[in-house]
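Below is one structure; the comments refer to it alone.
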Amino acid sequence: MTRLDRVEQTRTLTPRTAVIWSVLRGELERRAGERLTVLDVGGGTGGFAVPLAEAGHWVTVVDASPDALAALARRAAEAGVADRVRAVQGDGDALAGLVEPASVDLVLCHSVLEVVDEPASVVSALVGALRHGGAASVLVAGRAAAVLGRAMNGHLDVAAALAADAHGNAGPRDTLRRRYDVDGAAALLTDGGLTVEEIHGVRVLADLLPAAVADGQPAALVELERALAARSPYRDLAAQLHLFARRPA
Ligand SMILES: C[S@@+](CC[C@H](N)C(=O)[O-])C[C@H]1O[C@@H](n2cnc3c(N)ncnc32)[C@H](O)[C@@H]1O
């Protein structure tokens, strides 16, 4: 059993995390035996950073929020990996001053590109931090699911605004600045200099199901999410899109 197996056994995989861990696991197995340098941009309270540190890797979390970083530090200490987790307060598009260029094996950027001012600048900064041949795990909000969700809740005007807006924003009360479709998200990474290797949908079904079904059959739901994640059209309708990409060697 690998250290990652042991880490996974201690955590419950959810529809939000299972598909992403499957993809990350492929990269970690490809680099088995190496202690990777990992950078989690906007890593928040360490939901991915701490398990990666528990699996033996060195993780730096750069996040704009001091509160999130304080929670990360507590979580890392509780897990006994405080020495392998570095918390840095800073902006995702200013990584060059915070992280040595071309020093990172794996960069995570989950649920960040939809809230920052300039997503292309953040992608450019991620690429600059990666070694040649290093990998990027990027999670963004999906536009199609948001349109369907608003419509199914009866907010047809908001659904129409979301569908029509060039950036997938629903108007002044929207908490996200933008949402992506598969092609737009892939183009953002490709234009930044990454080669996209895999695209999966995350939460294809989870947000559509009645809570009684989702809570009552959690293992079956995770299995179905995994089965649908890479298949169009299901993938394209997911609440989030996960892209796994690489800086060319
Ligand atoms: C929705 S949370 C996602 C946290 C984590 N990546 C996850 O998937 O659970 C977004 C995080 O990005 C951080 N953030 C927002 N804008 C940022 C920026 N410009 N630079 C760095 N972090 C940022 C926030 O403080 C927050 O912790």
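The values are calculated or read from the model by the stated rules, or taken from the named source; none is laboratory data. Just so it is clear, the model here is predicted, and its values are computed rather than measured. Cβ coordinates were reconstructed from backbone atoms using ideal geometry, including for glycine residues, and neighbour counts include every protein chain displayed.
Remarks
- Inclusion of Val81 among residues that are of a type outside the set (Phe, Trp, Tyr) and within 15 Å of the ligand (Cβ to nearest atom) is not warranted.
- When each of Ala96, Ala102 is tested for being at pLDDT below 95, surrounded by fewer than 17 Cβ atoms within 10 Å (Cβ to Cβ) and of a type in the set (Gly, Ala, Ser), the lone residue that passes is Ala96.
- Only a single criterion out of (1) buried (at least 17 other Cβ atoms within 10 Å of the Cβ); (2) farther than 23 Å from Pro15 by Cα; (3) without any contact (Cβ under 8 Å) to a residue 60 or more places away in the chain is not satisfied by Val182, namely (2).
- Unique match (being surrounded by 19 or more Cβ atoms within 10 Å (Cβ to Cβ), within 27 Å of Ala159 (Cα to Cα) and either modelled with pLDDT of 95 or more or touching a helix residue (DSSP H, G or I) at 6+ places or on another chain (Cβ under 9 Å) (or both)) among Gly201, Gly171: Gly201
- Scanning region 54-65 for residues that are over 14 Å from Val112 (Cβ atoms) and touching a strand residue (DSSP E or B) at 6+ places or on another chain (Cβ under 6 Å) yields His57, Trp58, Val59, Thr60.
- Scanning region 150-168 for residues that are surrounded by fewer than 22 Cβ atoms within 10 Å (Cβ to Cβ) and within 30 Å of Ala49 (Cα to Cα) gives a single hit, His167.
- Matching residues, region 92-107, being outside any loop (DSSP other than H, G, I, E, B), touching a helix residue (DSSP H, G or I) at 6+ places or on another chain (Cβ under 8 Å) and within 13 Å of the ligand (Cβ to nearest atom): Gly92, Asp93, Ala94, Leu95, Val107
Here's the yes/no breakdown for (1) surrounded by fewer than 24 Cβ atoms within 10 Å (Cβ to Cβ); (2) hydroxyl-bearing (Ser, Thr, Tyr); (3) touching a Cys at 6+ places or on another chain (Cβ under 8 Å):
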position: Val38; (1), (2), (3): no, no, no
position: Thr45; (1), (2), (3): yes, yes, no
position: Phe48; (1), (2), (3): yes, no, no
position: Pro51; (1), (2), (3): yes, no, no
position: Ser65; (1), (2), (3): yes, yes, no
position: Ala68; (1), (2), (3): yes, no, no
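- Residues in region 73-93 that are touching a Leu at 6+ places or on another chain (Cβ under 6 Å), among the small types (Gly, Ala, Ser) and surrounded by fewer than 18 Cβ atoms within 10 Å (Cβ to Cβ): Gly90 only.
- Residues of region 208-235 that turn out to be within 14 Å of Val19 (Cβ to Cβ) and either of a type outside the set (A, V, I, L, M) or in contact (Cβ under 8 Å) with a residue 60 or more places away in the chain (or both), as a count: 9
- Test: residue in region 25-32 that is within 16 Å of the ligand (Cβ to nearest atom) and at negative phi: no
- Residue check: Ala135 meets all listed conditions (1) small (Gly, Ala, Ser); (2) in contact with a Leu (Cβ under 6 Å, 6 or more places away or on another chain); (3) surrounded by fewer than 19 Cβ atoms within 10 Å (Cβ to Cβ) but one, namely (3).
- Candidates are the residues of region 185-198 that are out of contact with any strand residue (DSSP E or B) (no Cβ under 7 Å at 6 or more places or on another chain) and surrounded by fewer than 15 Cβ atoms within 10 Å (Cβ to Cβ); the one that is farthest from Asp236 (Cα to Cα) is Asp191.
- Filtering region 141-158 for residues that are under 17 Å from the mean Cα position of the chain (by Cα), within 9 Å of the ligand (Cβ to nearest atom), at pLDDT 95 or above and assigned to a strand (DSSP E or B) leaves an empty set.
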